[in-house]
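Below is one structure; the comments refer to it alone.
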Amino acid sequence: MDFKNSADWTFPVPIYYGPSRVDEVSALCKRHEITRPLVVTDRGSSELDIIKNLIGQLNISGLKCDLFSDISPNPLGNEIYKGKFAYRAGQHNGIIAIGGGSGMDGGKAISLIANNEDDLWKFDYNFDSNTELKNFPPLICIPTTSGTGAETESTAMVTNSDLGMKFCLWHPNQKPLAAILDPSLTIGLPRNLTAWTGVDALVHAIEAYCVNDLHSPADGVALEALSLIGDNLKVVYERPDNLSSRGAMLVGSCLAGIAFLKGLGLVHAISHMVGAEYDTQHGLTNAVILPSVLQFNEKHISNKINRIHFSQYSKPGDFVDFYKATCNLLDELEIPKTLKEIGVGDDRFHELAVKARKDAAAFTNPRDASIEEIENLIGKVYSVGR
Ligand SMILES: [Fe+2]
């Protein structure tokens, strides 16, 4: 970190936190003149009471809404185009993206192309997209898991089936007009998803803090996120109806999501490509990969690990302590040890490594990794893991 350098920092959008705050969505829509919102979620969430309740609330308030839920766990490009069609067919004038990572990513990606004719893939994070574009629909994001942390930005991970790759899509002029953090929405989350999404948030905070970039605001929120997640992840795993801990996890997840404005690292670079190829759950994939990437990065993050350890565990610790504690936590959360155990094949390591090397998250990993090194890393996580 060199404080003689200069840096540009932006911070995100209004955040409304608290139990039952989802009841304020209709009023929020009206304040922003959204009269025909399109509610977007993933297929798996479409039948949940929290979605039905939201639709009911909007209808009672006189807002003409439709639900679009044709979104996979790893959202696909053709689904985003279908969503754009639904947006236009229903003459909508705003989007409410609700769900875990896939539901929100679906809604956010649809918002990027809803009002313009640009190709979806032109919004790739690394692509110099048309920065003049401003014609985006107003967007409200409502997370129903404590993991993705994707509610304060327009960034959306979408799989390009033709290329078998996930791309991070966004536009600097598209920001959610608000994020609503309502912990009561996360109470019913199943135990395995609670663990997997919680570890995703943890990995966001760790990887963001380890990015070698001067971004003190992001570093500060990353450490606070680690503190909240460290205190509460095991609590919500053991006691899913603990509203206070659910709330702390939701805030921790949101802060971790803000922190990764700095970037992420190799855990996500590899996980994105594994998820695109094998349709594995994102947080679970990250959880399996994390220990091996920590080892790979050890010498490049040792100066940061003591602060990460202290934030997460409220006591000092070096790399060895942190690695052990991480493995213990993953064991307690019943995370499998290898990629093999979660259904990944052993015949595409090189292909996955080539793609992971191109992922935006690989460029901010604290240690530069060659394709061969990433391939070896994937092989290790496949067969040995932690
Ligand atoms: Fe993630």
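The values are calculated or read from the model by the stated rules, or taken from the named source; none is laboratory data. Bear in mind the structure is a predicted one, so any value in this text is a computation, not a measurement. Cβ coordinates were reconstructed from backbone atoms using ideal geometry, including for glycine residues, and neighbour counts include every protein chain displayed.
Report every pair of residues separated by at least 6 positions or lying on different chains whose Cβ atoms are under 6 Å apart, first residue within the range 266-283 and farther than 13 Å from Arg357 by Cβ and of a type in the set (Gly, Ala, Ser), second modelled with pLDDT under 95 and in a helix (DSSP H, G or I).
Close Cβ pairs satisfying both conditions: Gly275/His282.
For the range 126-147, which residues satisfy the criterion of being modelled with pLDDT under 90 and buried (at least 16 other Cβ atoms within 10 Å of the Cβ)?
Ser129, Leu133
Does Asp162 satisfy being charged (D, E, K, R) and either part of a strand (DSSP E or B) or within 16 Å of the ligand (Cβ to nearest atom) (or both)?
In short, no.
When you go through (1) of a type outside the set (Val, Ile, Thr); (2) modelled with pLDDT under 95; (3) over 26 Å from Met273 (Cα atoms) one by one for Gly101, which number turns out not to apply?
Result: Gly101 fails condition (3) only.
Go through Gly83, Gly107 for me and flag whichever is closer than 30 Å to Ala195 by Cβ, more than 19 Å from the chain's Cα centre (by Cα) and not aromatic (Phe, Trp, Tyr).
Working: Gly107 fails: more than 19 Å from the chain's Cα centre (by Cα).
Criteria check complete, one pass: Gly83.
Which of the residues belonging to the range 212-228 are within 14 Å of the ligand (Cβ to nearest atom) and in contact with a Gly (Cβ under 9 Å, 6 or more places away or on another chain)?
Within the range 212-228, Ala225 is the sole residue that qualifies.
Looking at (1) away from the ligand (no atom under 12 Å from the Cβ); (2) farther than 23 Å from Cys141 by Cα; (3) under 19 Å from the mean Cα position of the chain (by Cα), find the lone condition where Cys254 falls short.
Failed condition: (2).
Test Asn115 against the criterion of being part of a loop (DSSP other than H, G, I, E, B), at negative phi and more than 21 Å from the chain's Cα centre (by Cα), and give yes or no.
Considered against the rule, which asks whether it is part of a loop (DSSP other than H, G, I, E, B), at negative phi and more than 21 Å from the chain's Cα centre (by Cα), Asn115 comes out as yes.
Residues being aromatic (Phe, Trp, Tyr) and within 10 Å of the chain's Cα centre (by Cα): count how many of those fall in the range 142-167.
First, pick out the residues of the range 142-167 that are aromatic (Phe, Trp, Tyr): 167.
Filter once more, so that each one left must be within 10 Å of the chain's Cα centre (by Cα): none.
Qualifying residue count for the region: 0.
Pick from Phe123, Phe167: which is touching a strand residue (DSSP E or B) at 6+ places or on another chain (Cβ under 9 Å), farther than 30 Å from Ser245 by Cα and within 16 Å of the ligand (Cβ to nearest atom)? Steps first, answer last, please.
On the way: Phe123 fails: within 16 Å of the ligand (Cβ to nearest atom).
Among Phe123, Phe167, only Phe167 is touching a strand residue (DSSP E or B) at 6+ places or on another chain (Cβ under 9 Å), farther than 30 Å from Ser245 by Cα and within 16 Å of the ligand (Cβ to nearest atom).
Sort out which residues of the range 138-159 are in a loop (DSSP other than H, G, I, E, B) and in contact with a Leu (Cβ under 9 Å, 6 or more places away or on another chain), and write them in order of number.
Result: Pro138, Thr144, Thr145, Ser146, Gly147, Gly149, Glu153, Ser154, Thr155.
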